[in-house]
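Please treat every number below as a calculation from the coordinates, not as lab data. As the structure is a prediction and not an experimental result, all values here were calculated from the model. Cβ placement follows ideal geometry from the backbone for every residue including glycine, while neighbour counts extend to all protein chains displayed.
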Amino acid sequence: MSEEIEKNLDAPIQEEQATKTKAKGKKNKRVVTAGQLHIQATFNNTIITVTDKNGGALAASSAGANGFRGSKKGTAYAAQIAAEKALETAKREHGLNSVDVYVSGIGLGRDSAIRAVSSTGLKIDSITDVTPIAHGGVRPKGERKP
């Protein structure tokens, strides 16, 4: 009887060792041929995010991440460099060919980031402005003031 118990105790240990010795392979990158490019252009910075059609991020970059500091982050040139870097990463790692562009914000980097897309050789399917527009808000609660 004691032999059976010893055998049962040894079994889980052998299984754990077998799972630990499995070689971890290189993580497979998804191939995404069509995606979305989200440009958030503020006065202080420009953030570029490349996503798949469902919104899962593939690559991202910003003017600040590319070495621009202070007021230089809000310039059109900084936005162009950030867009080129994010798009090159997406092309190289995921095989991106065409994008739908979504622009948000009123910063200087709006146009130059879109121009950078065409310079990288990607096909632009559509350009959409998704900047939120203020409308005065809802009516405040309470009595109306005369």
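Taking the highest mean first, how do the peptides 78-89, 119-130, 31-42, 95-106 order by number of other beta carbon atoms within 10 angstrom per residue?
Ranking, from highest mean packing down: 78-89, 31-42, 95-106, 119-130.
Give me, ordered by chain and number, the residues 5 or more places off Gly107 or on other chains with an amide H under 5 Å from its own placed amide H.
Ala41, Thr42
Using θ = phi - 60° and the Karplus curve 6.51 cos²θ - 1.76 cosθ + 1.60, what whole-Hz ³J(HN,Hα) does each residue of region 101-117 get, with Gly and Pro shown as x?
In residue order, the calculated couplings are 9, 10, 10, 10, x, 10, x, 6, x, 4, 6, 5, 5, 5, 5, 5, 5 Hz.
Once amide H atoms are placed 1.01 Å from N in the peptide plane, what residues at a sequence separation of 5 or more from Ala60, or on another chain, have their amide H within under 5 Å of its amide H?
Val50
Equivalent-ellipsoid semi-axes (√(5λ), Cα gyration tensor) for region 34-129, whole Å, largest first?
Square roots of five times the eigenvalues give 20, 13, 11 Å.
Please compute one quarter of the surface area of the Cα convex hull for region 70-113 and express it in square nanometres.
Quarter of the Cα hull surface area: 3.5 nm².
Determine the dipole magnitude for region 34-129: charges of +1 sit on the beta-carbon of Lys and Arg, -1 on that of Asp and Glu, nothing else is charged, the reference point is the Cα centre, and the result goes in debye to the nearest 20.
300
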